[in-house]
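*Asks:* Can you keep this structure in mind? I'll have questions shortly.
No lab work stands behind these numbers, since they all come straight from the coordinates. Just so you know, these numbers come straight off a predicted model, no measurement behind them. Cβ coordinates were reconstructed from backbone atoms using ideal geometry, including for glycine residues, and neighbour counts include every protein chain displayed.
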Amino acid sequence: MTERIAYTKPSITELEVTYATDAARNGWGAQCYDYIHRLERDFAAHLGVAHTIATSSCTGALHLGLAALGIGPGDEVILAESNWIASVAPVVHLGATPVFVDILKDTWCLDPALVEAAITPRTKAIIAVHLYGSMGDMDRLLALGARHGIPVIEDAAEAIGSAWGNRRAGSMGAFGTFSFHGTKTMTTGEGGMFVTNDPALYARVATLANHGRDASEPRQFFPTVTGYKFKMANVSAAIGCAQVERISELIEGKRQIMARYRALLSGHDGIALNAEPEGVTNGYWMPTAVFSPETGVTRERLAAAFAAANIDARVFFWPLSELPMFDARPDNVNAHDIAGRAINLPSYHGMDEAAQARVAAVLTGLLEA
């Protein structure tokens, strides 16, 4: 059988190994936060934001930010139906009610018109998830957030390398969150980042993230609130520091993979790939193929075809309201329809043209079947 094609894996060089080794050997005691602080500083510079806090995951960063905004029981938080559970779990854990709205057909992100229609007096936040690297319509979302006095949050877990005009994903909302999971464009193994330009919000999150200890509190080990433990390890941050140094290379690698897929699939009607509207940059974390309804190609046929070709591929995220813990929302038609005829394509760092050709052959073969 031909060699299995992975859907994703990180790019680890001697630079990452060198930094991680140094952290393991020397990053203790007074040096136990050195790489963490360096990562926060360097990522802030890359993103163009004032404040960053390294966390154990993007989910943890989102939880901290929502908690710092005071989100809790009786509140509603609007987000898209098409998302991974990580985007809604903190809302549920904090006791608030998630409100799922449908997605746009091209970007697979929040439909701003439906967001505005879903706003009630209980709405306390809007979470704009930049799905698979595609950007939500930040102009419209930020405008309606300002009009209604509701913070817009950017879940940019999948959007390193994406930008709205000249503003990088994650830098525009009340706060942004990033994932450095091993599958992401940039990795620390497990890990994430909270980012904001709001100094007061940053201070609240910094306290919550460190067991409720306020940096200005003179008494040692004296928390002033009940906080959380969502801190990143120094060794993980060391890997992240090397990745930030290479971030332009990592982003460009993703874009090159997407360009090859477009070339390989050009001329084949019936398959749509990730959108990149004019003025928007897509980081293309996860190239995704959506078959038109007329082809009759389903998620199940796609999964079976890739399995038969020894290629690892992922289904499009299940609509959140199809999960057993949430109420059904069949009116979110686009989310349900697209998920049933889409597949995420392999896009690991260093993927060569031959591997991409194998992937493309599976897709075009289904059109010809």
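*Asks:* Could you look through segment 250-268, keep only residues that are without any contact (Cβ under 8 Å) to a residue 24 or more places away in the chain and more than 19 Å from the chain's Cα centre (by Cα), and pick out the one that is nearest to Y19 (Cα to Cα)?
*Replies:* Keep residues of segment 250-268 that are without any contact (Cβ under 8 Å) to a residue 24 or more places away in the chain, which gives 252, 256, 259, 262-263, 266-267.
Still in the running and more than 19 Å from the chain's Cα centre (by Cα): 256, 259, 262-263, 266-267.
Values: Q256: 27, A259: 32, R262: 36, A263: 37, S266: 42, G267: 46 Å.
The extreme case among them is Q256.
*Asks:* Give the residues of segment 81-100 that are within 19 Å of A159 (Cβ to Cβ) and surrounded by 21 or more Cβ atoms within 10 Å (Cβ to Cβ), sorted by residue number.
*Replies:* E81, S82, N83, S87, V88, P90
Table: residues versus (1) outside any helix (DSSP H, G or I); (2) crowded, with 17+ Cβ neighbours inside 10 Å.
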residue: L142; (1), (2): no, yes
residue: M172; (1), (2): yes, yes
residue: T177; (1), (2): yes, yes
residue: L201; (1), (2): no, yes
residue: S216; (1), (2): yes, no
residue: R219; (1), (2): yes, no
residue: G227; (1), (2): yes, yes
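*Asks:* While we're here: Enumerate the pairs (first residue in segment 272-289 and at positive phi; second residue anywhere and of a type outside the set (A, V, I, L, M, F, W, C)) with beta-carbon separation below 7 Å, excluding pairs fewer than 6 apart on the same chain, so at least 6 apart or on different chains.
*Replies:* As it stands, the answer is G279/G165; Y284/G133; Y284/K254; Y284/R255; Y284/N274, since those pairs meet every condition given.
*Asks:* Which fully enclosed helices (runs of 4 or more DSSP H) of segment 281-369 have 3 or more residues being surrounded by 20 or more Cβ atoms within 10 Å (Cβ to Cβ) and not hydroxyl-bearing (S, T, Y)? Spell out the reasoning first.
*Replies:* Numbers: elements: 299-308, 333-339, 353-368.
Where helices (runs of 4 or more DSSP H) fall fully within segment 281-369 and carry at least 3 residues being surrounded by 20 or more Cβ atoms within 10 Å (Cβ to Cβ) and not hydroxyl-bearing (S, T, Y), they are 333-339, 353-368.
*Asks:* Scan segment 145-152 and give yes if some residue there is touching a Pro at 6+ places or on another chain (Cβ under 9 Å) and within 27 Å of F326 (Cα to Cα), otherwise no.
*Replies:* yes
*Asks:* I'd like the full set of residues that are of a type in the set (K, R) and either in contact with a strand residue (DSSP E or B) (Cβ under 6 Å, 6 or more places away or on another chain) or under 17 Å from D102 (Cβ atoms) (or both), limited to segment 117-167.
*Replies:* R122, R140
*Asks:* For segment 288-316, which positions are among the small types (G, A, S) and touching a Phe, Trp or Tyr at 6+ places or on another chain (Cβ under 9 Å)? Give the derivation first.
*Replies:* So the first thing to find is which residues in segment 288-316 are among the small types (G, A, S), and the list is 289, 292, 296, 303-305, 307-309, 313.
Listed by number, the residues that qualify are A289, A313.
*Asks:* Quick one: R147 ticks every box in (1) more than 24 Å from G74 (Cβ to Cβ); (2) without any contact (Cβ under 8 Å) to a residue 12 or more places away in the chain bar one, so which box is it?
*Replies:* Of (1) more than 24 Å from G74 (Cβ to Cβ); (2) without any contact (Cβ under 8 Å) to a residue 12 or more places away in the chain, only one is false for R147: (1).
*Asks:* Continuing with the same structure: What tally of residues in segment 283-341 results from selecting those that are polar (S, T, N, Q) and either within 15 Å of N83 (Cα to Cα) or under 23 Å from the mean Cα position of the chain (by Cα) (or both)?
*Replies:* As a first pass, look at segment 283-341 and keep what is polar (S, T, N, Q): 288, 292, 295, 298, 310, 321, 332, 334.
Right, trim to either within 15 Å of N83 (Cα to Cα) or under 23 Å from the mean Cα position of the chain (by Cα) (or both) and you get 288, 321, 332, 334.
The total comes to 4.
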